[in-house]
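Input: a single structure, listed below in structure tokens.
Taken together, the values in this text are just the output of simple stated rules run on the coordinates, not laboratory data. Worth saying up front: this structure is predicted, and the values here are computed from it rather than measured. Every residue, glycine among them, receives a Cβ derived from its backbone with ideal geometry; neighbour counts consider all protein chains shown.
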Amino acid sequence: MNTTKAANIQIPVDLTNPGQFFACCGLLELADRLWPGAEGWFDDDVFHITCGHTLVELLTVLADCIVTNTMTPAQLDRLGILSELSEAQLRAVTGGEAEKTILDGLRRKSAIVFSGALSMTISWFQDRFIRGFTLKTWAGQQSALTIASDMHAGLKHLLPEVTDSPWLTLRKVGLPFNFDSDIGGQGSGLDIGFVFNALDKNSNTRINRGCRPILELLCFIGLQRFRPLELAGGNCFRYVAWAHPFSPLVAAVAASTMLQSANERHFVFRMFNTSKDYYCFFPAIPFQGDRDE
């Protein structure tokens with residue numbers, strides 16, 4: 001598509017990888033928060049952003065953020081104290097076991113907060129009003145904060161290597177969200193014979209598979225505003241790669257199929273159940289109409 005807009009950021013993208021698509025959406029979201037008025041669009045296999053700045057500048061700001069959750073400092077301090085107690089010591093504290101269970105649950109399930117030059121809260125995985133929770137991939141005993149922190153650490157590690165693309169080679173930096181459909185289904189619990197998160201609590205047994213941490217983190221951010229359309233029957237979703245320069249507010253409507261524009265491309269993907277409650281994004285296919293639903 002020809003446009004008079006000059007793109008400062010141009011990123012190669014595989015539109016059949018839902019993780020890459022929504023990571024591009026995350027980049028646009030961040031660009032507009034940092035430099036209001038940013039616009040983005042897809043042209044062939046490239047995502048364009050016009051914002052007056054570079055990809056490295058954008059990712060540097062994100063890397064400098066602090067990643068926490070919505071727990072209060074008092075709650076975090078209390079959880080730290082209780083976690084250091086032995087089982088016998090914890091039982092000796094009146095209500096200690098129940099209190100620790102509640103605080104552990106808050107740490108796993110609370111919304112994620114990015115603070116610094118960027119200030120935002122990511123809570124889509126809690127959203128039951130418009131079914132954002134249906135896109136949650138990690139298991140119930142896994143912590144959103146742990147995964148987000150691991151992916152953020154991976155971003156910091158990879159930042160010196162970033163040039164024109166954030167989709168870099170695999171790195172072992174912790175358990176991913178499994179948004180990257182290129183690797184999401186590889187080495188599943190079904191393949192191996194046990195579930196990864198069963199070993200996640202102990203650093204000596206944790207298995208760190210290779211992942212693309214920048215893709216995973218940006219997709220996690222992108223899903224806060226940008227959501228695919230959930231098709232009838234569930235577990236099947238459609239998204240649109242729009243072809244005109246849009247702000248995040250308009251682009252989110254276009255991505256969810258609610259705004260029609262010329263040269264847009266539609267894709268459908270499913271979520272693959274790798275174990276009892278552990279999912280990943282499967283590769284998308286071009287949308288061909290009702291028969292794909």
Provide a single number: the residues in the range 252-261 that are in contact (Cβ under 8 Å) with a residue 60 or more places away in the chain and more than 17 Å from the chain's Cα centre (by Cα).
0
Consider only pairs whose beta carbons are under 8 Å apart and that are at least six residues apart or on different chains; among these, list those whose first residue lies in the range 59-82 and is on the phi > 0 side of the Ramachandran plot and whose second residue is surrounded by 15 or more Cβ atoms within 10 Å (Cβ to Cβ) and not aromatic (F, W, Y).
none
Residues within the range 24-40 that are in contact with a Phe, Trp or Tyr (Cβ under 8 Å, 6 or more places away or on another chain), over 12 Å from N8 (Cα atoms) and of a type outside the set (A, V, I, L, M), tallied
4
Residue ID - nearest to A255 (Cα to Cα), chosen from residues in the range 35-90 that are of a type in the set (S, T, N, Q) and more than 25 Å from the chain's Cα centre (by Cα):
Q75
Criterion violated by V268 - all others in (1) buried (at least 18 other Cβ atoms within 10 Å of the Cβ); (2) more than 17 Å from P18 (Cα to Cα); (3) free of Cβ contacts under 8 Å to residues at least 60 places away in the same chain satisfied
(2)
Looking at (1) aliphatic (A, V, I, L, M); (2) outside any loop (DSSP other than H, G, I, E, B); (3) surrounded by fewer than 16 Cβ atoms within 10 Å (Cβ to Cβ), which is the only condition L85 fails?
(2)
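Among the residues in the range 42-61, are any farther than 29 Å from R238 by Cα and aliphatic (A, V, I, L, M)?
Yes, that holds for at least one residue.
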So how many residues does the range 100-146 have that are outside any helix (DSSP H, G or I) and either in contact (Cβ under 8 Å) with a residue 40 or more places away in the chain or loosely packed, with under 13 Cβ neighbours inside 10 Å (or both)?
25
